[in-house]
Every structure is written in C-alpha cells, then in structure tokens.
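Coordinate-derived values only; no laboratory data. What you are looking at is a predicted structure, and each value in this text was computed from that prediction instead of being measured. Neighbour counts run over all protein chains shown; Cβ positions are idealised from the backbone, glycine included.
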Amino acid sequence: MVVGIIVIGHGRVAVEMVQTLESVLGPIEGLEAIATSYEDRPEEIRERVATAVGRVDRGQGVIILTDMLGDTPTNQSLAVARECGAEVVAGVNMPILIKLTSARDQMDARTLARFLQRYGQEHIFWATAGR
C-alpha cells in the first residue's frame, strides 16, 4: 500500500508539475493534480479536493501538496484534511514531489509529511552564492 498524493495550486501549476513528473518517471497511480482559478468558489475547490482524496486513498493515507500557505486551495485542503485525516504540506516543489513518489510506500502519511517538510527546506539553494 502507498500514500495517495494530490497536488493543488493556482492556475495549472499543479497539473504542469504532475505532467513534468510523469514525463520523467512514467504514469504514477494514486496521484492527482487539481487546477484552480480565481473564478472557483471555495466550496467548489473543497468538493474537488474531497473527491480526489476518495480516488487516491490506497489505505495508507493521503498527502495534499499545495503551492502556498494561506491561499484558498490550501485553506480548502485543510478543511478536507480535518474531515478525513489527510496531511497537507504547503510550498510544493519538484524535489518534494519526486521524493514523495519514491518514498510513499515506506512511511505513513503523517511521518512522510514531516519528512517532506525537512526535505523541501534542505533542497532550496542560493545557487550563485559563491560567485
């Protein structure tokens, strides 16, 4: 069993991240992307997240990755997480997404969320600092 994954963000950022991931690793089961628009009502976003949770849950829990803390997609994901026990990690980037797909059969959702927070922070670099 593996942890289910949902990626949600503004515009098509989540969809593009998942498409990029799958172009490198191939199709990934139990992974969904949700695009949002400024026209979407919060209740619509919440319903889409709840429906996606039902589709990706494989019995080990679900992690919802959002693009930034404090926005409507994250707030609605948190509302769903309170109802179903999913974990939410805000600030998704490609290193986090790649690591999650490779580690989701090794930890439960809560342990994995804690690990991803540290991992994401460790993989943000000021690449030109030494010049």
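Treating only the Cβ of Lys, Arg, Asp and Glu as charged (+1, +1, -1, -1), what charge dipole size does the chain show about its Cα centre? Round to the nearest 20 debye. Rounded to the nearest 20 debye, it is 420 debye. If you plug the beta carbon distance of Ala79 and Arg58 into 1/(1 + (r/R0)^6) with R0 = 22 Å, you get a FRET efficiency near 0.50.
Using the Cα centre of the stretch 53-128 as the reference point, and only Cβ charges (+1 on K/R, -1 on D/E), how large is the resulting charge dipole? Debye, rounded to the nearest 20.
140 debye
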